[in-house]
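Notes for the one structure printed next.
The values are calculated or read from the model by the stated rules, or taken from the named source; none is laboratory data. The structure presented is a predicted model; accordingly, all values stated were derived computationally and were not measured. Here Cβ is always computed from backbone atoms with ideal geometry, including for glycine, and neighbour counts include all displayed protein chains.
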Amino acid sequence: MEHVIGLRCVWCGEVYSPSQVQYVCPKHGDDGNLDVLYDYDRIRHEFQQHGLADVQGMWRYHALLPIPRDAMVPPLLVGGTPLYDAPQVARKYGVRAVSFKDDGRNPTGSLKDRASALIVARARAQNRTMVTTASTGNAAAALAGLAASIQMPSAIFVPATAPEAKVIQLLVYGAHVFLVNGAYDDAFKLCLEASHKFGWYCRNTGYNPYTSEGKKTVAYEICEQLSGGRGTFKAPDAIVVTVGDGNIISGVHKGLKDLKALGWIDHIPRLIGVQAEGSAALYQAWKDDIDPAEMRPIETHTIADSISAGLPRDRVKALRAVKETGGAYVAVSDQEILESIPAMARATGVFAEPAGAAGYAGFQCAVKAGLLGKNDSVTVLVTGNGLKDVGSARRSVAEGYRVEANIDDVSRVVSEIFGS
Ligand SMILES: *Cc1c(COP(=O)(O)O)cnc(C)c1O
Ligand SMILES: [Zn+2]
């Protein structure tokens with residue numbers, strides 16, 4: 001059986017049994033995020049008996065996930081993404097080592113697949129027949145794709161103004177797409193109401209406490225890949241994570257805390273949260289030491305739509321992740337984010353959407369600020385694939401060479417590029 005022993009409210013500390021509450025602390029309503037608590041002794045015991053599962057991808061860490069041992073998991077390969085060492089980048093920026101975790105390689109193109117795979121597995125284990133979420137982007141695509149992989153229907157609520165390309169991905173997967181005449185918050189509330197009314201299992205970020213439990217597997221993988229060994233773990237000195245609602249950075253933190261509690265790593269890396277300047281609620285709150293309870297929604301403007309959040313839903317956990325690890329928040333401009341798309345692609349071969357490339361911009365910013373230095377081994381988490389937003393990528397690069405269909409014209413251009 002699974003090893004969850006309780007759910008603790010991040011606001012009031014009240015602990016509930018997993019069967020007692022499904023999503024949030026009843027005293028704190030829709031905002032009452034919960035921490036999922038585990039019995040580490042039992043996990044250690046199960047690990048001694050069975051070891052890590054001998055499968056590719058996130059289900060390798062089944063014993064540390066909140067689903068029954070015999071649960072049916074979706075067939076798509078989620079996780080198991082590559083970690084690329086980039087010594088050339090480390091030299092250029094004067095850090096000891098830097099690696100890039102390419103989570104854009106997941107089946108629907110973003111790290112969100114890790115959360116959706118777990119949610120779909122839990123829905124199936126609880127005999128739910130339908131899953132739902134509100135999202136403008138990657139979370140929705142991930143849920144639609146993972147649900148399709150087990151022929152479970154999904155209902156997705158998006159603002160009617162959502163970018164067409166993102167809506168198309170949902171429709172292709174066969175999701176029932178509700179185009180809400182309103183903003184993201186309206187779609188979010190409507191999704192909760194529909195979930196209650198029709199009994200659909202709800203994945204909403206910062207509401208369902210289990211999304212970050214799926215996302216934490218990226219931290220396990222980074223540490224296992226850095227140790228080079230199978231079944232052994234080694235933590236880097238710092239991990240750079242882009243932040244919108246704060247669910248990913250919370251998940252990364254949780255994964256590291258799990259490994260530390262099990263004694264599988266000897267220290268927890270500093271977490272560097274990267275926000276867009278035009279959506280920097282957590283950066284501001286961290287810098288000015290504002291209590292998360294005092295935070296109010298701000299207007300956001302950024303090209304990196306996946307990290308745009310006026311009042312981050314996971315603000316308590318996201319601030320805690322940085323504070324408890326001795327990390328920092330940095331904010332990068334849209335110009336820096338745009339430039340980092342080709343810069344990272346050319347330095348590493350990894351093409352990211354703006355919210356993914358922002359991690360590289362944040363890495364550079366943290367080096368400049370002296371937050372990362374010559375003794376540090378750093379991992380930059382790349383959260384989403386560049387093909388998700390070709391329009392932004394186009395704005396970051398020059399055009400190609402226009403030539404007539406003859407070799408003389410090509411020669412003319414070649415000599416312009418390389419000299420003759
Ligand atoms: C969702 C997302 C993020 C931010 O995750 P939060 O949990 O909202 O902080 C970053 N990058 C990409 C590509 C995403 O899809
Ligand atoms: Zn509470």
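Identify all residues within the range 9-23 that are surrounded by 15 or more Cβ atoms within 10 Å (Cβ to Cβ), part of a loop (DSSP other than H, G, I, E, B), more than 16 Å from ligand 1 (Cβ to nearest atom) and not polar (S, T, N, Q); write none if there are none.
Within the range 9-23, 11, 14, 18, 21, 23 meet the criteria.
So the check is Cβ under 8 Å with 6+ separation or different chains; which pairs have a first residue in the range 245-259 that's closer than 12 Å to residue 211 by Cα and in contact (Cβ under 8 Å) with a residue 40 or more places away in the chain and a second one that's more than 16 Å from ligand 2 (Cβ to nearest atom) and among the acidic types (Asp, Glu)?
Cβ pairs passing all conditions: 251/213; 254/213.
Looking at the range 303-317 only, could you name the residues that are part of a loop (DSSP other than H, G, I, E, B) and in contact (Cβ under 8 Å) with a residue 40 or more places away in the chain?
The answer is 303, 304, 308, 309, 312, 313, 314.
Name every residue in the range 24-56 that is under 19 Å from residue 211 (Cα atoms), at pLDDT below 95 and surrounded by 16 or more Cβ atoms within 10 Å (Cβ to Cβ), in order of residue number.
Once the filter is applied, which keeps residues that are under 19 Å from residue 211 (Cα atoms), at pLDDT below 95 and surrounded by 16 or more Cβ atoms within 10 Å (Cβ to Cβ), the range 24-56 yields only 31.
Give me a count of the residues in the range 24-53 that are away from ligand 2 (no atom under 12 Å from the Cβ), of a type outside the set (Asp, Glu) and part of a loop (DSSP other than H, G, I, E, B).
3
Have a look at 83, 111, 77, 143 and point out the one that is surrounded by fewer than 23 Cβ atoms within 10 Å (Cβ to Cβ) and in contact with a Lys or Arg (Cβ under 8 Å, 6 or more places away or on another chain).
Result of the check over 83, 111, 77, 143: 83.
What are the residues in the range 148-196 that are more than 21 Å from residue 307 (Cβ to Cβ), without any contact (Cβ under 8 Å) to a residue 60 or more places away in the chain and crowded, with 22+ Cβ neighbours inside 10 Å, if any?
Within the range 148-196, 154, 155, 175 qualify.
Of the residues in the range 106-136, how many are in a loop (DSSP other than H, G, I, E, B) and either out of contact with any strand residue (DSSP E or B) (no Cβ under 8 Å at 6 or more places or on another chain) or not small (Gly, Ala, Ser) (or both)?
Narrowing the range 106-136 to residues in a loop (DSSP other than H, G, I, E, B): 106-109, 111, 126-130, 135-136.
Those still in the list that are either out of contact with any strand residue (DSSP E or B) (no Cβ under 8 Å at 6 or more places or on another chain) or not small (Gly, Ala, Ser) (or both) too: 106-108, 111, 126-130, 136.
Going through the range 106-136 one residue at a time, the tally reaches 10.
Out of all the residues in the range 197-225, which are in a loop (DSSP other than H, G, I, E, B) and crowded, with 21+ Cβ neighbours inside 10 Å?
203, 204, 205, 206, 207, 208, 209, 210, 216
Let's see how each residue does on (1) buried (at least 24 other Cβ atoms within 10 Å of the Cβ); (2) modelled with pLDDT under 95; (3) charged (D, E, K, R):
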{"position": "269", "(1), (2), (3)": "yes, no, no"}
{"position": "272", "(1), (2), (3)": "yes, no, no"}
{"position": "290", "(1), (2), (3)": "no, no, no"}
{"position": "296", "(1), (2), (3)": "no, no, yes"}
{"position": "304", "(1), (2), (3)": "yes, yes, no"}
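How many residues are free of Cβ contacts under 8 Å to residues at least 60 places away in the same chain and under 20 Å from residue 205 (Cα atoms) when one looks only at the range 1-11?
At the first step, the residues of the range 1-11 found to be free of Cβ contacts under 8 Å to residues at least 60 places away in the same chain are 5-6, 8-9.
Filter once more, keeping what is under 20 Å from residue 205 (Cα atoms): 6, 8-9.
Looking only at that region, the number is 3.
Only residues that are among the polar types (S, T, N, Q), surrounded by 24 or more Cβ atoms within 10 Å (Cβ to Cβ) and more than 21 Å from residue 29 (Cα to Cα): list them for the range 226-250, please.
Matches in the range 226-250: 242 only.
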